[in-house]
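Asks: Starting off with a structure, shown below.
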Amino acid sequence: MFNNLKKVLRSVPTVDLTDYIAPIDPQEFYQNMGLLEHPHTRQPVKRLTSYQLEAWKDAFRYRYRLVVKSQKIGMTTTSLMEDFQRCLLSIEHSLSCRGKEILLIAQTHAMAKEHLMTLQYMIMNSERYRNYLILSADEGGSGLAQTKATQLYIYNPTNPKKPTRIIALGPSAASIWSWKNVKHIHMSDVAAIESRIDDAPIFGAAFSRLANTNGTMLIESPPRGQRGKVWDIYKASKLKGDDVYEEAKFKVREYSAQRAVDAGLITEEFLQTERVRLGPLYGQYYECEFMNPYTSWYTQDMIKYDNNPYYVEY
């Protein structure tokens, strides 16, 4: 069945892979790649949201970026498109990843593979870009490369024998150390790494991979308490602004769920339901709050006398 699908995809005309250079503008690249489907209306989304475009455009201004985000606002999807765009940029562009490696790191290896599958699906359904995806060992000119569950192989017009790779990894320093030609690292939802795991070695290994390539890093994640390296990076880059350390060199953006409501991506009714369901934890999931682990079990109104049913005046 999969072989038949590959034959169908390859029969569709596409751009000349040897001459085409992807557009830099995020909206133009998105339209070239193919429109997403709105999760509620199921209609094609003609334009990305203002915050998706802002975060994507930041890639051309900042080496390191931290996007503290709400759940369900579509940031991971456009970040995956950005990963793919880097595979197609002209070799002369400073952000081009042609012939290099892009690491896609998530809170678990299973989720990293899920994100990679999402990107593979988008590429395979793109009329313009589907032929860049190397699906068998006899494609692309390398004779060895083949897309699989943990790696996407992308055709490299500059050197067909050296394809670009997007590699799905879990939160393991040992697995990150192995890669020698990394130009970009995309970390998704890594604040959700289990609290029993010390994530400092993971980030240490990630930073070390970029040393020789002058590579870039994007972290897009909801917050999860005042702990771990995402919190350290947030403090150093936004609260302190000390640029002596790598952790302090990130451009920080914060996108709450209200931005997605304003863009029509999610509804206010949904958020109201979530406020009731999550209680004090709502801010962490939808308002970009790094909650103090010692006080996150209560909200301020619980300790006001007029709202506290357990308060007795003597």
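Asks: For residue 56, which of the numbered conditions (1) over 20 Å from residue 85 (Cα atoms); (2) among the aromatic types (Phe, Trp, Tyr); (3) at pLDDT 95 or above fails to hold?
Replies: Of everything listed in (1) over 20 Å from residue 85 (Cα atoms); (2) among the aromatic types (Phe, Trp, Tyr); (3) at pLDDT 95 or above, residue 56 misses just condition (1).
Asks: Tally up the residues in region 178-224 that are more than 23 Å from residue 84 (Cα to Cα) and β-branched (Val, Ile, Thr), please.
Replies: Residues in region 178-224 being more than 23 Å from residue 84 (Cα to Cα) and β-branched (Val, Ile, Thr): 3 in total.
Asks: If you don't mind, another one. Out of 128, 98, report the one residue that is in contact with a strand residue (DSSP E or B) (Cβ under 9 Å, 6 or more places away or on another chain), outside any helix (DSSP H, G or I) and not aromatic (Phe, Trp, Tyr).
Replies: Testing whether each residue is in contact with a strand residue (DSSP E or B) (Cβ under 9 Å, 6 or more places away or on another chain), outside any helix (DSSP H, G or I) and not aromatic (Phe, Trp, Tyr) leaves just 98.
Asks: Only one of these is in a loop (DSSP other than H, G, I, E, B), basic (Lys, Arg), surrounded by 12 or more Cβ atoms within 10 Å (Cβ to Cβ) and at pLDDT below 95: 72, 6. Name it.
Replies: Just one listed residue meets the conditions, 72.
Asks: Then there's this: Restricting region 205-227 to residues that are in contact with a helix residue (DSSP H, G or I) (Cβ under 6 Å, 6 or more places away or on another chain) and part of a helix (DSSP H, G or I), which is farthest from residue 173 (Cα to Cα)?
Replies: 207
Asks: Identify all residues within region 183-204 that are surrounded by fewer than 18 Cβ atoms within 10 Å (Cβ to Cβ), among the hydrophobic types (A, V, I, L, M, F, W, C) and not in a helix (DSSP H, G or I); write none if there are none.
Replies: Residue satisfying the conditions is 197 alone.
Asks: Also, quick follow-up: Is it the case that residue 104 is in a strand (DSSP E or B), more than 20 Å from residue 133 (Cβ to Cβ) and touching a strand residue (DSSP E or B) at 6+ places or on another chain (Cβ under 8 Å)?
Replies: So residue 104 does not fit the description; no.
Asks: Can you name the residue in region 35-59 that is touching a residue at least 60 places away in the same chain (Cβ under 8 Å) and in a helix (DSSP H, G or I) and is also surrounded by the fewest Cβ atoms within 10 Å (Cβ to Cβ) among such residues?
Replies: Of everything passing the filter in region 35-59, 50 is surrounded by the fewest Cβ atoms within 10 Å (Cβ to Cβ).
The values are calculated or read from the model by the stated rules, or taken from the named source; none is laboratory data. Since this is a predicted model, take the numbers as computed values, not measurements. Note: ideal-geometry Cβ built from the backbone for every residue, glycine included; neighbour counts use all protein chains shown.
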